[in-house]
Amino acid sequence: MVYTPSDSRLDRQSKLQSALPRSAATSPAQLSIPFNNPLITGRELEYIRQALTSKRTAGDGFFTQQCQALLTQQIGAKTTLMTHSCTAALEMAALLADLQPGDEVIMPSYTFVSTANAFVLRGAVPVFVDIRPDTLNLDESKVEAAITPRTKVIAPVHYAGVSCDMDSLMAIARQHNLLVVEDAAQGIFSAYQNRPVGSMGHLAAFSFHETKNIVSGEGGALVINDSALLERAEIIREKGTNRSKFFRGEVDKYTWVDLGSSYLPSDIICAFLLAQLEQGDCIIQQRMEIWNYYHQAFAALEQRGILRRPSIPADCQHNAHIYHLLTESLEVRTALMAHLKQQGIQSTFHYVPLHSAPAGLQYGCTSGNLSVTEDISDRLVRLPLGAAMTMAEATCVVEAVLEFLG
């Protein structure tokens, strides 16, 4: 199998790479294909230098403000507050939900631990619900059965940048007077019925960890769509003080007024992130070309029943965050990953279901049967995917998979 990359892709890669120091543009290892290969767009170092020379490197500097404004515009939110991680944004959301010990939060078990930890830290109980077999997102048809008088929050997770059925979830939330916190860690620049992921819940948390599409090493953002939560969100983010009001001249001094912590990122981190956000469309396009190439290459294997490819509903516009395959069994997945490793290709599986983890058993509970979650977690394998990945590398991955399964 031979793949010839399009001229447009080569041109884009050349322009972005030419802006880098030569060592950075030519340093990737020649004998292995890493699972994650983020794209450095070329202005990251320039913006970091500007942040350093401004002598304003702490939180809420110029670059922080620029990132917040850009994300707010792109998502269509009321406000965006940059945080030092998506975990921090989720912790802020848990504080804003005013959870009390014993309150319940409905979420999928098939998610990263931060989704649960943020609420457990407030004394709340994560109630784990099964996922859909197609999108691997929270199964909206099973949410109402999980609601009790203690339920306060629904926390849908947009797995692989594919949106949950937000219309159904928001309707349930309205009916039961619940807060919706979108865990959009993987969902930057995705959409549901042409509405940006992160714009539909009362709150949403994004990640810019180095494994995500848009990166800053570490970093996150809390998106606020409910105006009633804006003032308290600022206070929580500033260690529980009304410091933001002080800097706007709304109070003559600032003091401790509520619970909070230090959730601000350094302006240096946001300087790096701004360069990434400015090239967001290009980064997503680069990833999408790899994703589409994989998807076409494995169609025949799916038709033969050997594996299953990702499923994208017609009303979802995804961001090519993950390309996964579902193998026939755990044994096949284990053998496939070992084969790829022998070829110098790094692949990974994903979450150990939280309801089966020691802390999940201690702090959470389940609603109904979680058979889809348990089945998927045994069979899913993630293939390398990144905006800086070349088509030659993608071809090696495809050939290695076809050699083993074809």
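The values are calculated or read from the model by the stated rules, or taken from the named source; none is laboratory data. Just so it is clear, the structure is predicted and the values come from calculations on it, not from any experiment. Note that each Cβ is placed from the backbone with ideal geometry, even for glycine, and that neighbours are counted across all protein chains shown.
Scanning for something in a strand (DSSP E or B), under 19 Å from Glu403 (Cα atoms), at pLDDT 95 or above and in the same structural domain as Gly386 (by TED's automatic domain parsing), does the stretch 344-358 turn up at least one residue? Yes. Taken over the stretch 251-304, the residue count meeting the criterion of being of a type in the set (Lys, Arg) and over 28 Å from Ala160 (Cα atoms) is 1.
Test Arg304 against the stated conditions and say whether it is touching a helix residue (DSSP H, G or I) at 6+ places or on another chain (Cβ under 8 Å), more than 30 Å from Leu222 (Cβ to Cβ) and either surrounded by 19 or more Cβ atoms within 10 Å (Cβ to Cβ) or free of Cβ contacts under 8 Å to residues at least 60 places away in the same chain (or both). So Arg304 does not fit the description; no. One residue stands out in the stretch 48-83 among those that are more than 26 Å from Ser190 (Cα to Cα) and outside any loop (DSSP other than H, G, I, E, B): the one that is farthest from the chain's Cα centre (by Cα), namely Thr53. In the stretch 206-245, of all residues being acidic (Asp, Glu) and over 16 Å from Pro265 (Cα atoms), the one that is farthest from the chain's Cα centre (by Cα) corresponds to Glu231.
Pairs linking a residue in the stretch 339-362 that is under 25 Å from Gln186 (Cβ atoms) to a residue that is among the hydroxyl-bearing types (Ser, Thr, Tyr) and outside any loop (DSSP other than H, G, I, E, B), with Cβ atoms under 6 Å and 6 or more positions apart or on different chains, are Pro353/Thr373; Pro353/Ser377; His355/Thr366. Contact map, the stretch 111-140: residues that are in a loop (DSSP other than H, G, I, E, B) and of a type in the set (Ser, Thr, Tyr) paired with residues that are surrounded by 19 or more Cβ atoms within 10 Å (Cβ to Cβ) and at pLDDT 95 or above, Cβ distance under 6 Å, separation 6+ or inter-chain. Pairs shown: Thr111/Val157; Thr135/Val162. Out of the stretch 118-134, which residues are surrounded by fewer than 24 Cβ atoms within 10 Å (Cβ to Cβ), touching a strand residue (DSSP E or B) at 6+ places or on another chain (Cβ under 8 Å) and under 13 Å from Ser377 (Cα atoms)? Matches in the stretch 118-134: Arg132 only. Screening Cys270 on (1) surrounded by fewer than 24 Cβ atoms within 10 Å (Cβ to Cβ); (2) touching a Phe, Trp or Tyr at 6+ places or on another chain (Cβ under 7 Å); (3) under 30 Å from Gln286 (Cα atoms) shows it passes everything except condition (1).
Val397 passes every criterion in (1) buried (at least 17 other Cβ atoms within 10 Å of the Cβ); (2) modelled with pLDDT under 95; (3) farther than 30 Å from Ile147 by Cβ apart from (2). May I ask you to verify whether Ala160 is under 20 Å from the mean Cα position of the chain (by Cα) and in a helix (DSSP H, G or I)? Yes: the conditions hold for Ala160. Of all the criteria given as (1) touching a residue at least 40 places away in the same chain (Cβ under 8 Å); (2) in a strand (DSSP E or B), the one not satisfied by Val180 is (1).
Taking the criterion of being in a loop (DSSP other than H, G, I, E, B), among the charged types (D, E, K, R) and either at negative phi or crowded, with 24+ Cβ neighbours inside 10 Å (or both), the only residue of the stretch 84-110 that qualifies is Asp103. The combined condition, being out of contact with any helix residue (DSSP H, G or I) (no Cβ under 8 Å at 6 or more places or on another chain) and either aliphatic (A, V, I, L, M) or at pLDDT 95 or above (or both), is fulfilled by Ala228. The condition of being within 26 Å of Asp183 (Cβ to Cβ), over 21 Å from the mean Cα position of the chain (by Cα), part of a loop (DSSP other than H, G, I, E, B) and of a type in the set (Asp, Glu) holds for Asp258. Condition first: within 21 Å of the chain's Cα centre (by Cα), within 25 Å of Gln193 (Cβ to Cβ) and surrounded by fewer than 14 Cβ atoms within 10 Å (Cβ to Cβ). Can you find one or more residues in the stretch 284-293 that meet it? The answer is yes; a qualifying residue exists.
Residue by residue, here is whether (1) assigned by TED's automatic domain parsing to the domain that holds Phe349; (2) in contact with a Gly (Cβ under 6 Å, 6 or more places away or on another chain); (3) modelled with pLDDT of 95 or more; (4) not in a helix (DSSP H, G or I) holds:
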residue: Leu274; (1), (2), (3), (4): no, no, yes, no
residue: Ile290; (1), (2), (3), (4): yes, no, yes, no
residue: Gly305; (1), (2), (3), (4): yes, no, yes, yes
residue: His321; (1), (2), (3), (4): yes, yes, yes, yes
